[in-house]
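Asks: If you scroll down you'll find the structure; I have some questions about it.
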Amino acid sequence: MCQYDTSGVQYACGHYLVTSLDRKHDCGSRYCTKSAKHPRECRSFDCKQYYGPDLTQKTSISTAYCNPCQEAFFSNLPRRR
């Protein structure tokens with residue numbers, strides 16, 4: 001499977017948000033649809049359709065929660081009247 005080097009943010013909630021795809025690593029397999037070696041005319045569903053896990057991650061750390069986690073947390077708090 002082909003893979004990417006990525007850069008992103010690691011949030012306090014544990015989620016990792018990719019901010020850029022830095023470099024693609026081509027696996028060189030003719031059975032991977034993401035590879036340059038895969039034949040264009042191939043329509044087989046047996047070929048790999050997805051990228052593999054990130055090869056490397058350049059990470060910046062945030063002490064905040066990601067937006068979906070913040071929204072979920074704050075929507076469950078009791079409202080003041």
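Asks: Look through the range 11-27, keep the residues that are hydrophobic (A, V, I, L, M, F, W, C) and over 10 Å from the mean Cα position of the chain (by Cα), and return whichever of them is surrounded by the fewest Cβ atoms within 10 Å (Cβ to Cβ).
Replies: Within the range 11-27, the first condition is being hydrophobic (A, V, I, L, M, F, W, C), and the residues that meet it are 12-13, 17-18, 21, 27.
Okay, now just the ones that are also over 10 Å from the mean Cα position of the chain (by Cα), so 12-13, 27.
Details: 12: 12, 13: 14, 27: 19.
Applying the filter and picking the extreme gives 12.
Asks: Please give the number of the condition residue 38 fails out of (1) under 30 Å from residue 73 (Cβ atoms); (2) surrounded by 12 or more Cβ atoms within 10 Å (Cβ to Cβ); (3) not hydrophobic (A, V, I, L, M, F, W, C).
Replies: Status for residue 38: all satisfied but (1).
Asks: Is it the case, given these coordinates, that residue 50 is of a type in the set (Phe, Trp, Tyr) and exposed (fewer than 13 other Cβ atoms within 10 Å of the Cβ)? Step through it out loud before you land on a result.
Replies: Numbers: of a type in the set (Phe, Trp, Tyr): yes; exposed (fewer than 13 other Cβ atoms within 10 Å of the Cβ): yes.
Spelling it out, residue 50 is indeed of a type in the set (Phe, Trp, Tyr) and exposed (fewer than 13 other Cβ atoms within 10 Å of the Cβ).
Asks: Considering only residues that are touching a strand residue (DSSP E or B) at 6+ places or on another chain (Cβ under 9 Å) and part of a loop (DSSP other than H, G, I, E, B), which ones fall in the range 25-48?
Replies: Looking only at the range 25-48, we keep the residues that are touching a strand residue (DSSP E or B) at 6+ places or on another chain (Cβ under 9 Å), and these are 25-27, 29, 31-35, 38, 47-48.
Within the range 25-48, 26, 27, 29, 31, 33, 34, 35, 38, 47 qualify.
Asks: Among the residues of the range 22-75, count how many are under 25 Å from residue 9 (Cα atoms) and not aliphatic (A, V, I, L, M). If you could, list the steps in order and put the result at the bottom.
Replies: Let us first name the residues in the range 22-75 that are under 25 Å from residue 9 (Cα atoms), namely 22-26, 50-75.
Filter once more, keeping what is not aliphatic (A, V, I, L, M): 22-26, 50-54, 56-60, 62-63, 65-71, 73-75.
The number of residues fulfilling the criteria is 27.
Asks: Looking only at the range 67-80, decide whether some residue is under 16 Å from the mean Cα position of the chain (by Cα) and either among the polar types (S, T, N, Q) or outside any helix (DSSP H, G or I) (or both).
Replies: No, the conditions are met nowhere in the range 67-80.
Asks: Under 8 Å between Cβ atoms, which residue pairs at least 6 apart in sequence (or on different chains) link something in the range 33-59 that is over 11 Å from residue 2 (Cβ atoms) and modelled with pLDDT under 95 with a partner that is acidic (Asp, Glu) and surrounded by 12 or more Cβ atoms within 10 Å (Cβ to Cβ)?
Replies: Short answer, once both residue conditions are applied: 54/5; 56/5; 57/5; 58/5; 58/22.
Asks: For the list (1) in a loop (DSSP other than H, G, I, E, B); (2) surrounded by 15 or more Cβ atoms within 10 Å (Cβ to Cβ), I need the number of the one condition that residue 5 fails.
Replies: For residue 5, the failing item is (1).
The values are calculated or read from the model by the stated rules, or taken from the named source; none is laboratory data. Everything numeric in this text was worked out from a predicted model, so none of it was measured. We place every Cβ from the backbone using ideal geometry, glycine too, and count neighbours over all the protein chains shown.
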